[in-house]
Number of protein chains: 2
Amino acid sequence: MKKRFNLLAVCSLAGIFMAGCNNPSSSNKQSGAMATNAAERVYVAPGEYDEYYGFFSGGFSGQLSVYGLPSGRLFKVIPVFSQDPEKAYGYSEETKPMLMTSHGFIPWDDAHHPDISQTDGELDGRWIFINGNNTPRIARIDLEDFSTAEIIEIPNSAGNHSSSFVTENTEYVVAGTRFSVPVPQRDISIKEYKGNFKGTLSFISVDQKTGDMNLSFQIMMPGFNYDLAHPGRGKSHGWFFFTTYNTEEAHSLLEVNASQNDKDFIAAVNWKKAEEYIKAGKGKKMPTKYAHNKFDNSTHTATSTMKEEVLILDASELPGLVYLLPTPKSPHGCDVDPSGEYIVGNGKLSANLTVHSFDKMLKAIESKQFDGESYGIPILKFEDVLAGVVEQPGLGPLHTEFDDQGNAYTTFFISSEVVKWKLGSWEVIDRKPTYYSVGHLMIPGGNSRKPDGKYLVAMNKITKDRYLPVGPDLNHSAQLYDISGDKMELLLDFPTIGEPHYAAAIKADKIMHKSREIYKLDENKHKYVTKSPADAKVVRNGKEVHVYMTMIRSHFTPDNIEGIKVGDKVYFHVTNLEQDFDVPHGISMLGANTTELLVTPGKTETFVWEPKEVGVWPFYCTDFCSALHQEMQGYVRVSLADSNIELSWSLDDE
Amino acid sequence: MKKRFNLLAVCSLAGIFMAGCNNPSSSNKQSGAMATNAAERVYVAPGEYDEYYGFFSGGFSGQLSVYGLPSGRLFKVIPVFSQDPEKAYGYSEETKPMLMTSHGFIPWDDAHHPDISQTDGELDGRWIFINGNNTPRIARIDLEDFSTAEIIEIPNSAGNHSSSFVTENTEYVVAGTRFSVPVPQRDISIKEYKGNFKGTLSFISVDQKTGDMNLSFQIMMPGFNYDLAHPGRGKSHGWFFFTTYNTEEAHSLLEVNASQNDKDFIAAVNWKKAEEYIKAGKGKKMPTKYAHNKFDNSTHTATSTMKEEVLILDASELPGLVYLLPTPKSPHGCDVDPSGEYIVGNGKLSANLTVHSFDKMLKAIESKQFDGESYGIPILKFEDVLAGVVEQPGLGPLHTEFDDQGNAYTTFFISSEVVKWKLGSWEVIDRKPTYYSVGHLMIPGGNSRKPDGKYLVAMNKITKDRYLPVGPDLNHSAQLYDISGDKMELLLDFPTIGEPHYAAAIKADKIMHKSREIYKLDENKHKYVTKSPADAKVVRNGKEVHVYMTMIRSHFTPDNIEGIKVGDKVYFHVTNLEQDFDVPHGISMLGANTTELLVTPGKTETFVWEPKEVGVWPFYCTDFCSALHQEMQGYVRVSLADSNIELSWSLDDE
């Protein structure tokens, strides 16, 4: 440690940071990068604001995290697909329906790819979508209150990985099968995989006013693995591109058996054609089961509805709907440049990076010179669609993003680096190491027609020695590069929570003005809202007891309750009467094994307690709310079921 | 945003940050602080290490977070008292027992005060303790692997707030009642509170070799609220000090009814005397019920044991055990200076800050000139124990910490500031605003004989406009001050997850060398460990099926399983065979509504699946582990209960 501070002192005297000061002890020094004034360039002084919002997926955490860029500070974790004890998400009666699926209540998912809504191919910051991988789902987060507004399950699908990317007017957000399965599910031997297991690509339409999602149609595809996807844009708007691997259709030991073919495919889906087919009645209704969950900001309550039917378009039967572009080798990322002309297939086992041309693809389709077909879907000739090749840029290419100057940036997992190359000339311009094993990268607006070429964030899978050691389990790590010059400059390492697979970022001034501060109490339509302490009460209905409770600095009403019995089911409906910004109150109950609540000003939330022991049990506010926060508490007396203690409760004047 | 960047540019040209550059747009400017080079002083360059580990309590998240200082970067969230879907903590079969209590399985708690183990009054970095507030508990986290090793429940207690502080050789970690309750619990009217409700102060001994906790004894106390606590040190070693409020013994509307008395008390507990009384057989055994949970790092499995008895010492009956020091007014923090002489009572409704003298206290005890008694406990005379008063230093004092130069620093919640004052002369030396409503503050080593007076961290309850807005629910915020000079300098704002009540920090070089990297596979004694893919198997025992599975880059063995039936209960025992640092693998199963697993190298973990639907269901690795991670997957075939499909599974050579 001493070493570092001496070095810092030297740097400080010199007035600026010099390259050598940046990373003196690392065995993987940045090769000659001049990280001039990196400290000042990432520092956001107290009271100042970051320039960008960065939304980082939580991966195996199932959530979505909001970071500031360039500071790398974590502003918030938004609960999406997993329970969050901190905010009672998935525990409170109001939020439990958000985690319902056709398989029942599921406390966890694996959230991969956030994508911000667009208008005219530009980020508009209305909503952000993110996929659940394990139980195929897509969530919509409202960027007015930064909370999950809607979750839709995707039927006939497994491992929803190639999701949740949006078209350039947010007409659709897509989903896709990573693991093909019997469709519909049935008892069939795994050995019968080939030809019998199927993939689906799902198009979920988005209501432009409310944001509501609707599963419009699914395209039935061969039993490949569908990995990633990106929409066409500009001239290729109307198309969607999906990488495939395991075109071998192996079902065991895929690391060997799905790495046999020299080329897999990028599937080019003409979704405007799909709309025509649907209009023409070519869709087939298939019975199925999937959950559709919505959170209502006036009742402050989620509902879960089970849907029973989906519209299927079979790619094998409907000409012009899907074409296959041969792409070496087990391509992972599928990235479309801002102009919509280039489709980059990041063949993770390929020596070279393959770029397809949209114009050439259209021409090849027109000429109908196919290289055969797969399950009835035409395969285009590799040479006919090839725009160019970046020769041996690195090992294990995974993902590519773009700046606003015609450059592309590709991550290489095995050689741990980001490589900058030129669209059109395919020449490598720059390369910088990452620490270590980079997966996705993100440039703000990277999935749009207007990327903002100032910063690049690398999301690294291996952390190892980059931070103070914290035992065997480490956070992942992001690295922030300045890409505004010819050469990339590494500015900052910052650890990330969960497993950030991908991120999306937007200029702060596009959304910060519309951030909500409170929910209006007089608009609260919760079934059990209590709008004044005077209306607080306790109501018994057989063994079910409903407590109508209020919280305001710094007391609960009622704060003493008697007449609760062992065997009762007690619902605490707690309304936070505050109408000031940033004054939540919490409540927890000794002995309640369900949850605490953390209630936002103007909201009502509910927890349930089924007391099993006689006694006097305290509850208290769990968020330090005022100088008299420690006084914000109360008691519930629990008597035996056959006791004759009558229900009674305190009001404020007692 | 533009404004900020112009200003930054100006600062940058000037070569250093000037005061005015730091916070130009805020209406709450730091008054004249020269935040010279703040950027450089908090910047930790890529590949470099922070100087301190900071352990921040999660408050209502129930967890403990590890930050680096001075960078403010979040390295890890350690699951302690709440379920963590990300790491399957509280979901996996191995970790579920960690969250068992006498009230059953509880998925959440409110974690307040971390404290690092000590030897000779100095931080030794073996363990860190933290309290659960709602269900009274103390957890011990092992700083070798940064994970929760043990949780002990505290019976006869409620709202365990004055916890988990350690004595100067970690002889004891303490707990205390915030909400007095009937002891033992019984059906009694809340209105009968006065005289009938009791508090307990608990002393949990710590095995110096293993760290194992044992509830040694509880001191039965009057029915006050016990708020915070700190041990004596140096000359006052052997004593423990607890603030009380609600000495009015009110039970309703405490914000009014518990603010009546001019003075409450600091309870001074002579725990060496307690040990004498126990030796003399004065302790009374009381039947009770509390859980004691341990995680075993060789079986990688937690066990929960229910204890049935506790030893009680009654403060009303045992002379010399407890004395009461009158302290104005509803004191919150109870802070002992490094010398052990001064006990600061932060009377949150008091105009002045009251400091008691340990020497004077001993003298007053000796002279036996008491100011009456409370429930048989002698009350010392205020004037007899008073060391001094800091006159009108601010509004709403909450907590005080100390540097190594004889200075004290107190937080003021209402006036939102930190005030530096001199021990002995009681004069105010400096004051700096906090943004906003500061609760605890932390100086590394602050609760020890050797504080490290370089940094101070203020933990603020209100965030409001300090960061980009993210809707109505905001993270809390910490502020880092440099206190090495005469005047405090604000260096950095960083948002914090959960509700950090308190923090503890330690120089990195005291613990970083012993951080564990992997668990050795050959030492794995899990009941269902599989140490080689060749030993993988599936065993049926009636309707219970046990899958012995391995994971290694990049496949599962077995990866195809048939013969599972609807109605089975399938245990997946998954061993990560990796023995390299930072190569976890995950596993999740479509349709399983219990959990995913994230398995550290060398560990075995278990999830349960009770399949309800016929079909072929995929599973996959949830942590990007290699270039062929996407290929790390498998399938389980589920048939009807009466189907005659035999159990079968793939091995690697198939």
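The values are calculated or read from the model by the stated rules, or taken from the named source; none is laboratory data. The structure displayed is predicted, hence computed values, not measured ones. With ideal geometry, Cβ positions are generated from the backbone for all residues, glycine too; neighbour counts draw on all protein chains shown. Each accessible area value is taken on the protein alone, full model and side chains, heavy atoms only, with ligands, DNA and RNA left out. Shrake-Rupley method; radii C 1.70, N 1.55, O 1.52, S 1.80 Å.
Inter-chain Cβ neighbour count for A:181-187, averaged per residue, equals 5 (cutoff 10 Å, partner chain atoms only).
Students often check this: by mean Cβ neighbours within 10 Å, which of B:51-63, B:573-585 ranks highest, and how do the rest follow? Please list the in-between numbers first.
Working: B:51-63: 27.9, B:573-585: 21.5.
Order by mean packing, descending: B:51-63, B:573-585.
Take peptide B:223-230, look around each residue's Cβ out to 10 angstrom, count Cβ atoms belonging to other protein chains, and average those counts.
Working: counts 0, 0, 3, 0, 1, 1, 0, 0.
Mean partner-chain Cβ count within 10 Å for B:223-230: 1.
The simple spin-label model puts a point 7 Å past each Cα toward its Cβ; for B:Lys514 and A:Gln579 those points are separated by 5.7 nm. When all alpha carbon pairs of the protein assembly as shown are counted in 20 Å bins from zero, the resulting P(r) reads 11, 40, 36, 12, 1, 0 %.
So which of B:Lys198/B:Lys273; A:Lys464/A:Lys487; A:Lys464/B:Lys514 end up more than 18 Å apart, counting from Cα to Cα? Don't skip to the end; give the middle numbers.
Working: B:Lys198/B:Lys273 21 Å; A:Lys464/A:Lys487 26 Å; A:Lys464/B:Lys514 15 Å.
Correct reply: B:Lys198/B:Lys273; A:Lys464/A:Lys487.
On association of chains B and A, roughly 14700 Å² of accessible area becomes buried (total for both chains; probe 1.4 Å).
Peptides B:319-328, B:160-169, ordered by how many other C-beta atoms sit within 10 Å of their residues on average, highest first, read B:160-169, B:319-328.
Can you figure out the FRET efficiency of B:Asp371 with B:Lys525, using R₀ = 60 Å and their beta-carbon distance, to the nearest 0.05?
The value I calculate is 0.50.
Show me the GluC sites (Glu not before Pro) within the stretch A:228-325 that DSSP assigns to loop and that have at most 14 other Cβ atoms within 10 Å of their Cβ. Before the final figure, lay out each step's value.
Working: sites: A:Glu248, A:Glu249, A:Glu255, A:Glu275, A:Glu276, A:Glu308, A:Glu309, A:Glu317; in loops: A:Glu248, A:Glu249, A:Glu317.
Of the GluC sites (Glu not before Pro), the ones in loops of the stretch A:228-325 whose Cβ has at most 14 other Cβ atoms within 10 Å are A:Glu317.
Averaged per residue, the stretch B:344-388 has 43 square angstrom of accessible surface, using a 1.4 angstrom probe with ligands and nucleic acids left out. The simple Förster model, with R0 at 56 Å and r as the Cβ-Cβ distance, assigns B:Ile278 and A:Lys307 a FRET efficiency of 0.30. Sorting the segments B:232-243, B:365-376 by their residues' average number of neighbouring beta-carbon atoms within 10 angstrom, most packed first, yields B:232-243, B:365-376.
Here each label is just a point 7 Å from Cα along the line to Cβ, and for A:Thr210 and B:Val389 those points are 6.4 nm apart. The 1.4 Å probe gives accessible areas that order B:Met512, A:Met551, largest first, as B:Met512, A:Met551.
Residues whose amide H comes within less than 5 Å of that of B:Ser102, counting only those at least five positions distant or on another chain, are B:Ala291 (H built at 1.01 Å from N in the peptide plane). By the Kirkwood approach, averaging reciprocal distances over each pair of separate Cα atoms, the stretch A:521-649 gets a hydrodynamic radius of 14.6 Å.
Given a Förster distance of 41 angstrom, what is the FRET efficiency for B:Leu640 paired with A:Leu647, based on the Cβ-Cβ distance and rounded to 0.05? Using R0 = 41 Å, I get an efficiency of 0.25. Kindly list the residues of the stretch B:537-557 that lie in the label zone of A:Val256, defined by a backbone N under 17 Å from the point 7 Å along the Cα-to-C-beta vector. Of the residues in the stretch B:537-557, B:550-557 have backbone N under 17 Å from the label point off A:Val256. Note on B:Ala351 and A:Lys464: their simple-model spin labels are 6.4 nm apart, each label 7 Å out from Cα toward Cβ. For the stretch B:491-594, the solvent-accessible area of protein heavy atoms averages 33 Å² per residue (probe radius 1.4 Å; ligands and nucleic acids excluded). Taking the inverse of the mean reciprocal distance over all distinct Cα pairs, the Kirkwood hydrodynamic radius of the stretch B:125-242 comes to 14.6 Å.
B:Glu317 label point, 7 Å along Cα→Cβ, cut-off 13 Å on backbone N: hits in the stretch B:211-225? Output list for this probe position: B:219-221. The share of accessible area on the protein assembly as shown that comes from carbon and sulfur is 50 percent, using a 1.4 angstrom probe. To the nearest 10, the accessible area of A:Leu640 is 100 Å² with a 1.4 Å probe. Inter-chain neighbour count for A:633-643: the average number of beta-carbon atoms from partner chains within 10 Å of each residue's beta-carbon is 4.
Based on the alpha-carbon gyration tensor of the stretch B:327-467 and its eigenvalue square roots a ≥ b ≥ c, which shape applies: rounded if a/c is under 1.5, prolate if not and a/b is larger than b/c, or oblate?
Details: a/c = 2.31, a/b = 1.66, b/c = 1.39.
Since a/c reaches 1.5 and a/b is larger than b/c, the shape of the stretch B:327-467 is classed as prolate.
When A:Thr299, A:Thr550 are compared by accessible surface with a 1.4 Å probe, the order from highest to lowest is A:Thr299, A:Thr550. Lys-Lys pairs in the stretch A:521-649 that are eight or more residues apart or on separate chains and whose Cα atoms lie under 25 Å of each other come to 20.
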